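Below is one structure, written out as structure tokens; comments come after it.
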Amino acid sequence: MKKFNIKAIIALSIVGILSSCGGGGSANVNEDLDLNALSLTEIEEKAKAEGKVETAGMPIDWANWGQTYDEFNEKYGIPVNDTYMTSAEELAMFEAEKNDATKDLGDVGQSYGPVAVEKGVSLPYKTSYWDDIPVWAKDEDGHYIVAYYGTICAVTNLDQVDKTPESWADIAAGDYKITLGDVTTASQAQNTVLSAAMANGGDETNIDPGIAFFKDLAMAGRLDTGNVNVQRLEAGEIQVGMFFDFNAINFINAIKERNPNANYAITILQDGAAQSGYTTIINRYSKRPHAAALLREYILSDQGQINLARGYARPIRENVEIPADVKEKFLDDELYKNARPIEDVKAWEATTREIGQKWQNEVIANLK
């Protein structure tokens with residue numbers, strides 16, 4: 001899953017220094033490129049000539065990207081390689097590297113789409129599936145297009161926790177530690193705070209109830225600030241972890257394949273569960289923009305959407321028929337009856353700009 005990557009941060013700092021010294025150049029290499037003006041055949045031809053795609057924040061064990069990469073390579077002869085990063089790290093790297101770009105395509109949380117446009121680091125491409133995408137899930141020019149979405153849920157280690165939480169109220173009444181990841185940079189963690197806010201009278205315009213909730217946990221010594229990932233989950237280092245549902249199902253299935261006696265429960269908290277999408281961002285400075293556009297095209301194709309569903313993510317295109325064997329691996333629809341999608345995308349984008357500072361000042365500062 002996406003996680004804090006200290007090597008990426010160090011590399012990013014070095015890139016920033018080099019860029020400030022003139023290494024990045026000033027002219028945009030793709031300044032005159034209009035992907036939307038090209039036919040799919042033209043994009044495919046140019047993509048094959050470019051030869052590969054370097055992605056950021058799209059690891060093979062997240063939303064089944066691995067199968068998509070394999071099929072994409074088999075179909076077009078274009079291999080894909082990924083580097084782990086959070087949403088914020090991806091956009092920061094795009095901006096810092098500029099014309100020395102090492103990455104072509106990133107996958108960021110929904111709220112980071114408008115940020116990419118504002119920073120000028122995205123290259124628009126609508127794909128041939130444009131009319132199938134809901135208005136709320138796309139930029140009008142195609143700078144970002146949500147490909148899939150997930151719902152925040154709790155994963156409980158039943159060997160360490162007696163009672164599975166069904167709500168945020170249950171969590172508040174418990175005595176175990178909660179792990180949610182890096183709220184300053186990770187969309188999954190930010191949506192977890194939003195979910196807690198929803199349960200306590202807040203929403204995407206008012207994150208304060210969620211911050212207050214985790215402040216109370218921090219003061220009670222119940223907040224684990226380590227990474228929320230499959231390795232720590234399997235090692236028994238996480239008592240209750242907060243994930244998007246597609247990660248939770250994927251990770252628990254993988255753990256149980258290695259250890260059939262593993263004892264976990266996945267619950268959608270009924271008083272607050274945010275649903276949010278992820279969008280690809282084509283790096284405006286990419287050295288392989290056509291290959292990046294072609295990969296976005298494949299991700300939104302029927303097969304690409306089914307691959308995401310096989311990774312337990314909910315595809316954005318509702319007109320794609322999901323195979324029965326895939327549907328049966330999802331959580332019961334009844335569990336999602338109280339889940340709520342982010343309705344005010346602009347307000348949530350504004351909130352995510354301040355959530356990191358609030359988290360540091362009001363939660364981390366009160367860790368016990």
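The table that follows gives values for the structure above.
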{"quantity": "Spin-label proximity, ASN73 to region 253-279 - amide N less than 20 Å from point 7 Å beyond Cα toward beta carbon", "calculated": "none"}
{"quantity": "Degrees, to the nearest 10: 245-258 long Cα axis against longest axis of the chain", "calculated": "80"}
{"quantity": "Set of region 203-236 residues, backbone N closer than 17 Å to the point 7 Å along the Cα-Cβ line of ARG353", "calculated": "204-208"}
{"quantity": "Rounded if a/c under 1.5, otherwise prolate or oblate - region 40-93, Cα gyration tensor axes", "calculated": "oblate"}
{"quantity": "For the chain: accessible area per residue (Å², 1.4 Å)", "calculated": "41"}
{"quantity": "Crossing angle, helix 6-20 versus the chain [Cα axis fit, 0-90 degrees, rounded to tens]", "calculated": "40"}
{"quantity": "Placed amide H near SER122: partners under 5 Å, 5+ positions off or other chain", "calculated": "ARG284"}
{"quantity": "Alpha-carbon gyration tensor eigenvalues x 5, square-rooted, for the chain, Å", "calculated": "34, 23, 19"}
{"quantity": "Relative contact order of the chain, pairs being alpha-carbon contacts under 8 Å that are 6 or more residues apart, as %", "calculated": "27"}
{"quantity": "Kirkwood-Stokes translational diffusion coefficient of region 64-160, alpha-carbon pairs, 10 °C, 1.306 mPa s, µm²/s", "calculated": "101"}
{"quantity": "Accessible-area order (highest first, 1.4 angstrom probe) of the listed residues ILE60, ILE211", "calculated": "ILE60, ILE211"}
{"quantity": "Amide hydrogen neighbours beyond the local backbone of TYR148, cut-off 5 Å, H modeled", "calculated": "TYR278, ILE316"}
{"quantity": "ASP162/GLU118 FRET efficiency (R0 51 Å; Cβ-Cβ; nearest 0.05)", "calculated": "0.65"}
{"quantity": "Separation in nanometres of the label points that stand 7 Å from Cα toward Cβ, at GLU45 and ASP32", "calculated": "1.8"}
{"quantity": "Of all accessible heavy-atom area on the chain, the percent that carbon and sulfur account for (1.4 Å)", "calculated": "47"}
{"quantity": "Gain in span if fully extended, ASP175 to ASP208, counting 0.36 nm per residue against the direct Cα distance", "calculated": "9.6 nm"}
{"quantity": "Angle in degrees between helix 87-97 and the longest Cα principal axis of the chain, rounded to the nearest 10", "calculated": "30"}
{"quantity": "Extension gain, GLN360 back to ASN319 (0.36 nm per residue minus Cα-Cα distance, nm)", "calculated": "10.5 nm"}
{"quantity": "Amide proton proximity set for TYR264, modelled H, under 5 Å, gap of 5+", "calculated": "LEU158"}
{"quantity": "Dipole in debye (nearest 20) - the chain, about Cα centre, beta carbon charges: Lys, Arg +1; Asp, Glu -1", "calculated": "840"}
{"quantity": "Formal net charge of residues neighbouring ARG296 (Cβ-Cβ distance under 11 Å; K, R +1; D, E -1)", "calculated": "-2"}
{"quantity": "Region 214-368: relative contact order in percent, alpha carbon pairs under 8 Å with at least 6 residues between", "calculated": "37"}
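The values are calculated or read from the model by the stated rules, or taken from the named source; none is laboratory data. This one's a predicted model, so the numbers in the text were calculated from it and none came from an experiment. Every residue, glycine among them, receives a Cβ derived from its backbone with ideal geometry; neighbour counts consider all protein chains shown. Surface areas here come from the heavy atoms of the whole protein model, side chains and all, with no ligands, DNA or RNA. Shrake-Rupley method; radii C 1.70, N 1.55, O 1.52, S 1.80 Å.
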